[in-house]
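Structure, as structure tokens:
The values are calculated or read from the model by the stated rules, or taken from the named source; none is laboratory data. Keep in mind it's a predicted model, so treat the numbers as computed, not measured. Don't worry about glycine lacking a Cβ; one is built from the backbone with ideal geometry, like all the others, and counts go over all protein chains shown.
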Amino acid sequence: MALDLFNDYTMTIDGKAETAAATIEAHNPATEAVIAHVPDASREQLDAAVASAKAAFPAWAARPVEERQALVAKIGEVMQEHAEELSRLLTLEQGKAKAGADWEIGGSIAWCGGIATQSLPVRIIEEDEHRTVEMRHVPVGVVGAITPWNFPILLAIWKIAPALVAGNTMVLKPSPYTPLCTLKIGEMLRGVLPDGVLNVVSGGNDLGAWMTGHPDIAKISFTGSTETGKKVMQSASSNLKGITLELGGNDPAIVLPDVDPKQMAKELFWAAFQNSAQFCCAAKRLYIHDDIYDELRDELVEYARTVKMGDGSQQGVQLGPIQNKMQFEKVKDLLADAKANGYEAVLGGEVPEGAGYFVPVTIYDNPPEDARVVKEEAFGPVLPLMRFTDIEDVIARANDTDMGLAASVWSSDWTKAKAIGERIEAGVIWINEIHTFSPFASFGGHKQSGIGVTNAHEGLAEFTNLQTINTRKEPAVTIA
């Protein structure tokens, strides 16, 4: 039977379809229309999913890593077979334009192939004729994965692929705002992965809290807001389970005076506004040298006027809506605060009436450093531009935040830009580029932007425990 991605959404528990007594509505953020009802898992169903993952763990962990790698690569191959439908479904539930949805699905497929080439070899620390000391990575057990609504598929794969390659089993919970693609991926992998290796359950905040405190989940991998991440960390402490937290950011971008504003405007626009700025590592504070500030500001506004916002399923649309009403109201509140304080919006600033969670591209002209639109992560298409003249001053301003996810520096002299970037307190620094990712390069935040990393060997190791084996080669002494 052909897979229908647009109807009949069920959870996957122990390789089988599961409904639930209660359901959650899924909405199209461009129209606010209800597009589906999905299961709202009970605590008993979560327990069943965890028990299934726990039962599947010994056999999965014992499989040769080459077999686990091959099955993770197979996940990408199965997704490729349904790539066009997944992209359309992603736009329907998340709101992003077709190009963004294609990028996310394509990236997810590529990630499966990239992570499937990785492994963590045994390290021999000491070896002679008398003894051997080796360090090895062993899987932790059942991983609980909780994913966000901005990149629901890519960030799920960032967890699934390394966790499974490392030998763990998983219970995966998508955001209640974007559950559809994730549930369908669980469905399409039934029979591809052994039963219980990947369980997909849907539900609201209660389900997330049950997972983070569950005694049989050994690790939580969470992507979301810093405030929620703190709650995850607190709950996970109940049985000292491991955590990887990829949290919010308020990423600075620093533009030096030696760039051409006309050439830079397009790239800096998308650095800030890709996915309608619902991007943890979007450029959220743009510091522009005073020598080129006015010209670059005007070029940004001029380019922004050419970008079409609307229903992501419509041809020509480049930016979609805010994904959900909760975030929509937060962004509206931020705009209201800026208006009340008299900050000048050179573009946007007013939310139109009508259906859909649409916030127009909004650019503020040099608001004060203590403005909410500067201090807070908008997670919507709102960008403050700030002037600077002194490098030491702008580095201090860039670092004056509790966040430290990513940053970028832009200059015609890349060595000068790199020297500045090395002084920014963030986990990822881009020089004359932004939003380049790789399964072979680690990604993670400093300060309150997270704990641990994803991707690369370091990200794979996050899903393991270190074990040291000390072996004395002489026979054990027998005592009579």
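Taking the criterion of being farther than 23 Å from Val165 by Cβ, small (Gly, Ala, Ser) and free of Cβ contacts under 8 Å to residues at least 40 places away in the same chain, the residues of the range 435-480 that qualify are Ala476, Ala480. Just checking, does the range 76-94 include any residue being surrounded by 16 or more Cβ atoms within 10 Å (Cβ to Cβ), over 15 Å from Leu198 (Cα atoms) and hydroxyl-bearing (Ser, Thr, Tyr)? Yes: one or more hits.
Of all residues in the range 103-140 being under 13 Å from Ile157 (Cβ atoms), touching a Phe, Trp or Tyr at 6+ places or on another chain (Cβ under 9 Å) and not small (Gly, Ala, Ser), which is surrounded by the most Cβ atoms within 10 Å (Cβ to Cβ)? Ranking the qualifying residues of the range 103-140, first place goes to Ile115. No other residue among Pro39, Pro29 is of a type outside the set (Asp, Glu), assigned by TED's automatic domain parsing to the domain that holds Thr169, part of a strand (DSSP E or B) and touching a Phe, Trp or Tyr at 6+ places or on another chain (Cβ under 9 Å) apart from Pro39.
Can you name every residue in the range 1-26 that is part of a strand (DSSP E or B) and acidic (Asp, Glu)? Correct list: Glu18, Glu25.
Can you spot a residue in the range 49-57 that is out of contact with any Gly (no Cβ under 8 Å at 6 or more places or on another chain) and loosely packed, with under 13 Cβ neighbours inside 10 Å? The answer is no, given that none of the residues of the range 49-57 is out of contact with any Gly (no Cβ under 8 Å at 6 or more places or on another chain) and loosely packed, with under 13 Cβ neighbours inside 10 Å.
Quick check on Asn432: is it in contact with a helix residue (DSSP H, G or I) (Cβ under 8 Å, 6 or more places away or on another chain), without any contact (Cβ under 8 Å) to a residue 60 or more places away in the chain and not hydrophobic (A, V, I, L, M, F, W, C)? Criteria met by Asn432. If you filter the range 254-266 down to residues that are surrounded by fewer than 24 Cβ atoms within 10 Å (Cβ to Cβ) and touching a strand residue (DSSP E or B) at 6+ places or on another chain (Cβ under 8 Å), you find that the one that is farthest from Lys159 (Cα to Cα) is Pro257. Residues in the range 395-448 that are in a strand (DSSP E or B) and not small (Gly, Ala, Ser): Met403, Val409, Trp410, Val428, Ile429, Trp430, Ile431, Phe443, His446, Lys447.
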